[in-house]
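The values are calculated or read from the model by the stated rules, or taken from the named source; none is laboratory data. Everything numeric here is computed off the predicted structure, so don't read it as measured data. Neighbour counts run over all protein chains shown; Cβ positions are idealised from the backbone, glycine included. For the accessible areas, the whole protein counts, side chains as well, though only heavy atoms, and no ligand, DNA or RNA atoms are used. Shrake-Rupley method; radii C 1.70, N 1.55, O 1.52, S 1.80 Å.
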Amino acid sequence: MSGLRAPQPRTKADPEAGRRRVGSHTPASGGLAKAALPYADAAASEVVQVYVSNSRGWALPAGDPAQDTLFRDGCAERSLPAFIHASLLVNLGSPTPATVERSTQTLAHALRRGRAIGAEAVVFHAGSAVDAGHAETAMRQVREALLPLLDEAAAVDGPMLLVEPSAGGGRSLASRVERLGPYLDAVDRHPMMGVCFDTCHAWAAGHDLAVEGGMTATLDALVAAVGADRLKLVHANDSKDLCGSTRDRHENIGKGTIGEPAFAELMRHPATAGVPVLVETPTERHVGHAADIATLKRLHP
Ligand SMILES: [Zn+2]
């Protein structure tokens, strides 16, 4: 880890600024406020993430203005930052033009919905070129799709877009954290572009987080690639699979192959100071999430 840039100290006067809020992905079907807020309360979430369209579909629902207002006000009352996860089908690097078009529309929709519900950012997967010969074109597609969305987001003061590296395989555009550097370069390091770090994806992509110092070194490498202030969200997920498997099967914190000590390093690393941390782990109703949230809070320095 020598030779990597140290994260810049945060300068916010707010004493809460360094606190890592801990929460979970939150179901929102049946009414955004009606479903998500009681769930967040039951799980003792300090941050929520929701889908605003089917996670495995392209339909773009308009949303219910009454529920939007209740959700926004409910989050404000609880000081609960909200994030949107875009549909898992989004792939800006696809060799199929219709998929790129739908992906762009889906992100535009999520940003509009994000403004309506007061979300901080929209998370999307980095995507893949699918075919070996398509890699360079894929990065051009990323640039062409994202720049107008990022400019629009800047003009209306958010939400931001956060790229999440994938688990690897299928000619991923970014799975190793080092690849976030070129990804951000593709959008000229736009100020509205941030990063979401998923521990299970990084592990699947070959970062050995389980070895002592492994999580720290991976976060150091992320900061070296993107700078100190780009990390805006962490998906803390343990894994059911081996390091480098490129498989993305989440496990509860401390119950999987990554193990609890790595998450203690995560909660102590200066790059995560003030950054919300949420789980996307297996759960029966809110129970699994509540346990994982309690574990992460306990690991908090
Ligand atoms: Zn994730």
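Listed values, structure above:
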| read-out | value |
| --- | --- |
| Largest-first principal axis extents of the Cα set of the stretch 66-105 (Å) | 44, 19, 11 |
| Largest-first principal axis extents, alpha carbons of the stretch 192-233, Å | 33, 16, 13 |
| Sulfur and carbon atoms: percent of accessible area, the chain [1.4 Å] | 52 percent |
| The stretch 22-299: relative contact order as a whole-number percent, Cα under 8 Å and 6+ apart | 17 percent |
| Out-of-range pairs (alpha-carbon distance over 25 Å; input LYS240/LYS297; LYS255/LYS297; LYS34/LYS240) | LYS34/LYS240 |
| Per-selection Rg to Rh, the chain - Cα, Kirkwood hydrodynamic radius | 0.94 |
| Residue-averaged 222 nm ellipticity for the chain, from DSSP H runs of 4+ at -39500 (n - 2.57), nearest 500 | -12000 deg cm²/dmol |
| Within a Gaussian network of the chain (alpha carbon springs, distance under 10 Å), most fluctuating of ALA262, ALA121, ALA17 | ALA17 |
| Nearest-10 value in Å² for the accessible area of CYS196, using the 1.4 Å probe | 0 Å² |
| Kirkwood Rh in Å, taken over the stretch 177-261 so that all alpha-carbon pairs contribute | 13.2 Å |
| Shape category assigned to the stretch 101-176 from the gyration tensor of Cα positions, a/c cut at 1.5 | prolate |
| Cα-based convex hull volume of the stretch 147-301 per residue, rounded to whole Å³ | 115 Å³ |
| Accessible solvent surface per residue of the chain, calculated while the other protein chains remain in place, 1.4 angstrom probe, Å² | 42 Å² |
| For GLU251, distant residues with modelled amide H under 5 Å away | ASP238, SER239, LYS240 |
| The stretch 104-145: radius of gyration and largest Cα-Cα distance (Dmax), Å | 13.2, 40 |
| Percent RCO, i.e. relative contact order, over the stretch 92-200, from Cα pairs under 8 Å lying at least 6 residues apart | 30 percent |
| Exposed-loop-free span, longest in the chain, where GluC sites (Glu not before Pro) count as exposed if DSSP calls them loop and at most 14 other C-beta atoms lie within 10 Å | 17-211 |
